[in-house]
Amino acid sequence: EVYRSYGFQKLVVLRLVKDRQPTILVELFDMGSPEDAYGIFSHAREGEEMGIGQGSEYRGSLLCFWKGNFFVCIFSERQTPETKKAVFDLARKIAKNIKATGSRPKLLAYLPTEGLLKQSVRYFHLHTSLNYHYYVASENILKLSPRTEAVFARYQKGQSYLLLVRYPDQKEAGKAFKSFVNAYIPEAKKSNIVQIEEGKWVVTKLEDEFVVVVFDASSKAFAQALIEAVGNKLLEPPAKEVKN
């Protein structure tokens, strides 16, 4: 279901076997676009960059990377020095054979960089994906759909969370903003900011076709500063490429 939420197009699976060695499994997903290839890569990313493709990580016996429209995972049933070398060699060869590259989602350019935990950045489209990363509500109160783009990230100070959603137009953004405020922070209809449990703050902002929300801010001042920083970013031309 995770791959379906990014609209993947095709999947090729290759199993490599060798006498007295663990089996190696290669999965190559055609996600249809570089943005969604990046998105599925970002879905559960935690590890350090390994320098393969346009973004990669290695955890345990699993190496994953994305390049162009493709997301690739290579898994060894048991890690040995030989299988680890084989996994990395395979990854480099596959990445080399994928000739086309693509840009990360332009939405990432609007994230303020100060205090940003880069490995926490997630890109997605649907309500189910948002709830996976941060539970908001059982209902789709932000009216997310395959036509929306969302980026979600964590900030170091107070472990605050930032959600930025781009809608197809200002009208749909306005409906989503009103729906979110009415359902999630109805007491903040005038100010768009409210203190919730454990002294945390939630603040939201509507800016053209964008809706911005800060969750769990440690202070009112930080919540306002973070959302204002996003607002300023939205007024600037996006960077050509986001290194993340």
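Numbers below:
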| quantity | calculated |
| --- | --- |
| Candidate set: segment 33-50, residues that are among the small types (Gly, Ala, Ser) and modelled with pLDDT of 95 or more; chosen: the one most open to solvent (accessible area, probe 1.4 Å) | SER33 |
| Residue selected from segment 28-50 under the condition among the aliphatic types (A, V, I, L, M) and within 9 Å of the chain's Cα centre (by Cα), by the criterion nearest to ALA153 (Cα to Cα) | ALA44 |
| Any hit, segment 55-62, residues being crowded, with 21+ Cβ neighbours inside 10 Å, touching a residue at least 12 places away in the same chain (Cβ under 8 Å) and closer than 29 Å to ASN182 by Cβ | no |
| Filter result for SER179 (farther than 30 Å from GLU48 by Cβ, more than 22 Å from the chain's Cα centre (by Cα) and open to solvent by 10 Å² or more (accessible area, probe 1.4 Å)) | yes |
| Residue check for LYS189: basic (Lys, Arg) and in contact with a strand residue (DSSP E or B) (Cβ under 9 Å, 6 or more places away or on another chain) | no |
| Exclusive hit being under 30 Å from THR148 (Cβ atoms) and among the hydroxyl-bearing types (Ser, Thr, Tyr), set THR101, THR83 | THR101 |
| Checking ARG20 against (1) farther than 26 Å from LEU117 by Cα; (2) open to solvent by less than 50 Å² (accessible area, probe 1.4 Å), the condition it does not meet | (2) |
| Qualifying residue in segment 100-120 (condition: touching a residue at least 12 places away in the same chain (Cβ under 8 Å) and more than 30 Å from ALA173 (Cβ to Cβ)) | yes |
| Selection status of LEU164, in a strand (DSSP E or B), closer than 23 Å to VAL2 by Cβ and in contact with a helix residue (DSSP H, G or I) (Cβ under 7 Å, 6 or more places away or on another chain) | yes |
| Of all residues in segment 144-169 being more than 17 Å from GLU46 (Cβ to Cβ) and of a type in the set (S, T, N, Q), the one that is surrounded by the fewest Cβ atoms within 10 Å (Cβ to Cβ) | SER145 |
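The values are calculated or read from the model by the stated rules, or taken from the named source; none is laboratory data. Remember, predicted model here, so these are calculated numbers, not experimental data. Because the Cβ atoms are built from the backbone with ideal geometry, glycine has one as well, and the counts that use them run over all protein chains shown. Protein only, heavy atoms only, side chains kept; ligands, DNA and RNA dropped before computing areas. Shrake-Rupley method; radii C 1.70, N 1.55, O 1.52, S 1.80 Å.
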